[in-house]
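The next block holds one structure in the form of structure tokens; read it before the comments.
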């Protein structure tokens, strides 16, 4: 049975000599089973913790399983392999400790995914290099390897479904269906039928059986958007599915079992709805196992040029055109706008520009009126004609520093930058530090 799992497993006796070694352990370490059994585990794994902080030694000495930890082992070829280990004791029928067991997970696939996401500008249609997006890219591979329920919170238009798809595509469920449902778009009766299906005759017009979205997503991922808008009655049904992994189609009393990972999303603060009594606390904790928060676009403005470039490339391919990117004046307008509709609104703005621009660069006149007619943006853009992107960036930072009286923290928030990133940009662009940085200082004593 141990040879059928993906994690390495081995057992040891009281002298920490290996007594069993599964197939995954052979694959990860590069050591054949017959060469591992009978040797001390420290000779096979050559890990940094073997001498001083051995997890198996701790487990057998205390009788308790130590906390899982990430370490490096050295394989047969001398390569350092990142693994996550868990150890426990083995007892005989009289509960005496007779040895230990250790499992270890190969972390190389996770680290490879993290490297790919760091090296690229994004994943699929998720584009960005801001600290907020970089942090999300860092945790996505690890979350994807789990089957835990995920709650994604963020304003409308921030791309919550894109993150749900990324989790699915990075998971072992990637070859099974990804099914999306908007929980706020349908009344209860229709949503119940949409999610759970119905039997013929369940209601007027139900002339044949229909499978619901949970059944369609079996083995894969169900993305339930706007979960904060579903009714209390529907919340009860969802809670039962998550607890029991079964549901009953409308008009049927026979439970249907499904294997589905649920990723829920909302543009509301569910914790506030729980306090207000409009969202069930037990359901909240069922879906809040893993939490991702997607920031609004105005809080990560440094991603706007990357997103603009991405959408220009996307629409050029879609329409078989060769439009250039925005002029400095147009880019200044795009950078200045607050985007209440977030990334979706920026994408629509570029699509609007494609409809009006017959060729060449995208100019201010090609942008939507809501972006084009911002008075402050017009004034800023007037002096940016013909400037390179770096100079546009310089002007924007200088202007923000003046407006906020040199308070770098407020400037960073307005521009959607991490304060350390803003400081690096100030140095890289050769900007003179402001006479004061806006922070309060204690009077000298």
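The values are calculated or read from the model by the stated rules, or taken from the named source; none is laboratory data. What you see is a predicted model; the values in this text were computed from it and never measured. Heads up, the Cβs are rebuilt from the backbone with ideal geometry, glycines too, and the neighbour counts pull from every protein chain shown.
Below are the figures for this structure:
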quantity	calculated
Selection count, segment 288-311, where residues are more than 30 Å from residue 262 (Cα to Cα) and crowded, with 20+ Cβ neighbours inside 10 Å	4
All positions within segment 216-228 that are crowded, with 19+ Cβ neighbours inside 10 Å, without any contact (Cβ under 8 Å) to a residue 60 or more places away in the chain and part of a helix (DSSP H, G or I)	228
Set 97, 83, 101: member being in contact with a strand residue (DSSP E or B) (Cβ under 6 Å, 6 or more places away or on another chain) and surrounded by fewer than 16 Cβ atoms within 10 Å (Cβ to Cβ)	97
Selection within segment 59-80 - crowded, with 17+ Cβ neighbours inside 10 Å and more than 18 Å from residue 29 (Cα to Cα)	59, 60, 66
Matching entry among 148, 215 (being modelled with pLDDT of 90 or more, over 30 Å from residue 338 (Cβ atoms) and out of contact with any strand residue (DSSP E or B) (no Cβ under 6 Å at 6 or more places or on another chain))	215
Qualifying residue in segment 354-368 (condition: part of a helix (DSSP H, G or I), out of contact with any helix residue (DSSP H, G or I) (no Cβ under 8 Å at 6 or more places or on another chain) and at pLDDT 90 or above)	yes
Hits in segment 187-201 (condition: outside any strand (DSSP E or B) and either at pLDDT 95 or above or buried (at least 18 other Cβ atoms within 10 Å of the Cβ) (or both))	191, 192, 193, 194, 195, 196, 197
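Per-residue answers, yes or no, for (1) surrounded by fewer than 17 Cβ atoms within 10 Å (Cβ to Cβ); (2) assigned to a helix (DSSP H, G or I):
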{"residue": "146", "(1), (2)": "yes, no"}
{"residue": "158", "(1), (2)": "no, no"}
{"residue": "164", "(1), (2)": "no, yes"}
{"residue": "172", "(1), (2)": "yes, no"}
{"residue": "176", "(1), (2)": "no, no"}
{"residue": "179", "(1), (2)": "no, no"}
{"residue": "185", "(1), (2)": "yes, no"}
